[in-house]
Amino acid sequence: HLGESAAEVEFLKHGTGPCRAALDEVGKWDASWLPPHCNPVEYLDRMGFIDDRILIVHGVQFGADELRRLAEKGATIVTCPRGNIRTGAGIPPIEEFFESGVRVAVGTDSLASVSDLNIFSELVEMRRLAPALPARVLLESATINGARALGFEADFGTIDPGKRDALITVQLDGYMPSIEEYLVSGIEASQISWIPAS
């Protein structure tokens, strides 16, 4: 989890704010620690943590410089827009994520911050926040981008010969001029069925 709250950014840049107050309150503040005076992405990158295998969850507070650095390193941002909005962390800059060239995957955060773990509900929120993005791009964030980020793209993420047959069906309600748009417009759990493995 990185770049989720403004308090995190303030703490790294200045050593102040709610994070510092919480450490003081529980008697865990280390007066010898000096803030790195940088953003969260730069802080982790200085320590050598950012590469093409890292998953950066949230990124609500990221600007162009952080996103550029993550894209250069081949990292993946996992956005959880419903959870970010509900917890008050902020609104993830979905369009900026994609424009930066960083790999974007989508997650549901947890039941502590959302009412269900339906990835299609996250796609609805992404579509609302980034209406100009093609539905295909949003769907890739829920399929192949996640598989690539986890190192499973040889087995999952697309329907191709040789890949594992972990597939779902989605019930359609009549004729759909664009299946992709339909899939990012809100699919309920009752419309989803797993196809039994052959």
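When the label point is put 7 Å from the Cα of Asp116 along its Cα-to-beta-carbon vector, which residues of the range 158-198 have a backbone N closer than 20 Å? Label zone hits: 167-174, 180-195. Farthest toward the positive end of the dipole of the chain, out of Gly90, Gly59, Phe49, is the Cα of Phe49, where the dipole comes from beta carbon charges about the Cα centre. The magnitude of the dipole of the range 102-191, with charges of +1 and -1 set on the Cβ of Lys/Arg and Asp/Glu and taken from the Cα centre, is near 240 debye. Coupling constants for the range 61-76 follow from the phi torsions by the Karplus curve (6.51 cos²θ - 1.76 cosθ + 1.60, θ = phi - 60°), and in residue order they are 8, 6, x, 4, 5, 5, 5, 4, 5, 5, 5, 4, 7, x, 6, 10 Hz; glycine and proline get x. Counting protein heavy atoms only, the chain has 55 percent of its accessible area on carbon and sulfur, 1.4 angstrom probe. Report, ordered by chain and residue number, the lysines lying within cross-link reach of Lys73, taken as a straight Cα distance under 29 Å and ignoring same-chain residues fewer than 8 apart. Correct list for Lys73: Lys13, Lys163. A crude spin-label estimate for the pair Leu167 and Arg86, with each label 7 Å from Cα along the Cβ direction, gives 3.2 nm.
The amide H of Leu167, built 1.01 Å from its N in the peptide plane, has Ile195 as neighbours under 5 Å, considering only residues 5 or more places off or on other chains. Once the chain from Glu188 to Leu129 is taken as fully extended at 0.36 nm per residue, the excess over their C-alpha distance is 19.3 nm. Report note on the peptides 191-197, 83-89: ranked by the mean count of other C-beta atoms within 10 Å, highest first, their order is 83-89, 191-197. Structural descriptor for the chain: relative contact order 16 percent, calculated from alpha carbon pairs under 8 angstrom and at least 6 residues apart. Translational diffusion coefficient of the range 71-134 at 37 °C, 0.692 mPa s, Stokes-Einstein with Kirkwood Rh over Cα pairs, in µm²/s as a whole number. Answer from the Stokes-Einstein relation: 272 µm²/s.
Eigenvalues of the alpha-carbon gyration tensor of the range 1-117, scaled by 5 and square-rooted, set the equivalent ellipsoid semi-axes at 24, 19, 11 angstrom, largest first. From the Cα gyration tensor of the range 129-198, with a ≥ b ≥ c the square roots of its eigenvalues, which class applies: rounded if a/c is under 1.5, or else prolate if a/b is larger than b/c, or else oblate? Since a/c reaches 1.5 but b/c is at least a/b, the shape of the range 129-198 is classed as oblate.
Entry comment: accessible area of the range 20-106 is 52 Å² per residue, from protein heavy atoms only and a probe of 1.4 Å. Taking label positions 7 Å along the Cα-Cβ direction at both Ile195 and Ala21, the computed distance is 5.4 nm, reported to one decimal. With N residues in the chain, what two-decimal value do you get for its Cα radius of gyration over 2.2 N^0.38 Å? Cα-based Rg divided by the globular estimate yields 1.15. Taking all protein chains together, Met176, Met47, Met126 sort by accessible area into Met47, Met176, Met126, largest first [probe 1.4 Å]. Work out the charge dipole of the chain with +1 on the Cβ of Lys and Arg and -1 on the Cβ of Asp and Glu about the Cα centre, then indicate which of Trp33, Leu129, Met176 is farthest towards its positive end. Checking the options against the dipole of the chain, the answer is Trp33. Its Cα centre serving as origin, the range 11-91 has a Cβ charge dipole (Lys and Arg +1, Asp and Glu -1) of approximately 220 debye. Placing unit charges on the Cβ atoms only, positive for Lys and Arg and negative for Asp and Glu, gives the chain a dipole magnitude near 140 debye about its Cα centre.
The values are calculated or read from the model by the stated rules, or taken from the named source; none is laboratory data. Since we're looking at a predicted model, the values are computed, not measured. Neighbour counts are summed over all protein chains in view; Cβ atoms, including those assigned to glycine, are modelled from backbone coordinates with ideal geometry. We work out accessible area using only protein heavy atoms, side chains counted, and drop any ligands, DNA or RNA first. Shrake-Rupley method; radii C 1.70, N 1.55, O 1.52, S 1.80 Å.
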